[in-house]
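Here's the structure we're looking at; comments come further down.
The values are calculated or read from the model by the stated rules, or taken from the named source; none is laboratory data. Quick caveat, the model's predicted, so the values are computed rather than measured. Counting neighbours? That spans all protein chains shown, and the Cβs are built from the backbone with ideal geometry, glycine included.
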Amino acid sequence: MFAFPFILVVHAWGMGLLAGSNAAVGLRILGFAPRVPLSGMQKFYPVMWFGFVINAISGVLLLVGYPTKALTNPVFYLKLGCIAAGMVLMNRLRHRVVRSDKLPSGQGKMMAAFSLLVWAGAIVSGRLLAYTCTHLLGDIKC
Amino acid sequence: MSGWWEWPIAESLHFIGLSMLIGTVGVFDLRLMGLGKQIPLSALHRLIPWGVGGFIMNMLTGMCFLTTAGNQYMYNPAFHLKVLCMSIAGLNVLVFYTTMFKEVRTLGPGENAPLRARIVGGVSLTCWLGVIAFGRLLTFYRPPAYHWCFWC
């Protein structure tokens, strides 16, 4: 009973760290804070990975708690898709843009903008899970 | 807020604002504490307006929650602790900008912030993580006289 709220707290922390640091890197690539050396931003990748790992763990625990609630909701798969796209973009940006201190290309900026979009999508779809569920647990309706 | 769609929209914005705040202010705090030292501090400070934007967005959406269901918050221990964390964070910001910003903003690549600034960074990060935690716990500490379920 006490575990469930605690897992949600960890999940919110991870969200802030993962989506938030990704936003910082994305904004830098888009040209805000231009004097920040891109390669220096690499140091924040462990923060993102930490956020991802604690959210993968807390997410699995939340899923185990209410499997039907998530798995019967299409919005849940939208959220997973956003996260997958966000993680792929996060690593592509690292290898193609952040690691080299060169001025980001147009394509790099497009990727950064798309990254901001999918992280916002992951947050919104995650929040909407509470409102769009149809089955809470087994045959119990939401 | 009376329509069925207003809560989910306001909450989504609140979560996006939270991420903007912790993503920019938190990254700045980590730099103060010694992570990513290659980055000049004043350069990273250019991201702070995005954190302030997130904060303003969250004050506005937060006011929507508060004015719609005030009782849920006024008598909720998690809300009290959330406001306490926000107040400490606010004082901390004041201390930072009045006593050490001038000195710290000249920090170049590879330079460590003085101990006081590291502490301020640590306090800031701890407070904002506390704000997130108590914010997330609000639902579980609603006063018993006022429980309803807005996703039902």
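For the reader, a short list of remarks on this structure follows.
- Here B:SER124 fulfils each of the conditions (1) of a type in the set (S, T, N, Q); (2) within 14 Å of another protein chain (Cβ to nearest Cβ); (3) more than 18 Å from B:THR24 (Cβ to Cβ) apart from (3).
- Residue in the stretch A:38-53 that is of a type in the set (Lys, Arg) and without any contact (Cβ under 8 Å) to a residue 12 or more places away in the chain present: yes
- Exactly one residue out of B:GLY17, B:GLY34 is among the small types (Gly, Ala, Ser) and loosely packed, with under 15 Cβ neighbours inside 10 Å, and it is B:GLY34.
Yes or no, residue by residue, for (1) of a type in the set (Phe, Trp, Tyr); (2) under 14 Å from the mean Cα position of the chain (by Cα); (3) surrounded by 17 or more Cβ atoms within 10 Å (Cβ to Cβ):
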| position | (1), (2), (3) |
| --- | --- |
| B:PHE79 | yes, yes, yes |
| B:TYR97 | yes, no, no |
| B:MET100 | no, no, no |
| B:PRO109 | no, no, no |
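- Taking the stretch B:67-86 as the range and being at pLDDT below 95 and in contact with a helix residue (DSSP H, G or I) (Cβ under 6 Å, 6 or more places away or on another chain) as the test, the residues that pass are B:ASN71, B:GLN72, B:TYR73, B:ASN76, B:PRO77, B:ALA78, B:PHE79, B:LEU81.
- Here the condition is being more than 9 Å from chain A (Cβ to nearest Cβ) and under 21 Å from A:LEU30 (Cβ atoms); of B:GLY17, B:GLY62, B:GLY110, B:GLY36, it holds for B:GLY17 alone.
- None of A:PHE44, A:PHE32 is of a type in the set (Phe, Trp, Tyr) and either exposed (fewer than 15 other Cβ atoms within 10 Å of the Cβ) or in contact with a Phe, Trp or Tyr (Cβ under 8 Å, 6 or more places away or on another chain) (or both) except A:PHE32.
- Given (1) in contact (Cβ under 8 Å) with a residue 40 or more places away in the chain; (2) assigned to a loop (DSSP other than H, G, I, E, B); (3) of a type outside the set (Val, Ile, Thr), index of the condition A:LEU136 fails: (2)
- Look at (1) surrounded by 18 or more Cβ atoms within 10 Å (Cβ to Cβ); (2) at the interface with another protein chain (Cβ under 7 Å from one of its Cβ atoms); (3) in contact (Cβ under 8 Å) with a residue 24 or more places away in the chain and you find that B:LEU47 fails only one, number (3).
- Filtering the stretch A:77-123 to residues that are among the β-branched types (Val, Ile, Thr) and either surrounded by 14 or more Cβ atoms within 10 Å (Cβ to Cβ) or within 14 Å of another protein chain (Cβ to nearest Cβ) (or both) leaves A:ILE83, A:VAL97, A:VAL98, A:VAL118, A:ILE123.
- Evaluation of B:ALA117 against (1) within 14 Å of chain A (Cβ to nearest Cβ); (2) within 26 Å of A:TRP13 (Cβ to Cβ); (3) not hydroxyl-bearing (Ser, Thr, Tyr) (one fails), failing number: (1)
- Options A:GLY40, A:GLY59, A:GLY20: the member that is part of a helix (DSSP H, G or I), within 13 Å of chain B (Cβ to nearest Cβ) and closer than 18 Å to B:PHE15 by Cβ: A:GLY20
- With respect to the stated conditions, B:LEU30 fails to be in a helix (DSSP H, G or I), within 19 Å of B:ARG116 (Cβ to Cβ) and in contact with a Lys or Arg (Cβ under 6 Å, 6 or more places away or on another chain).
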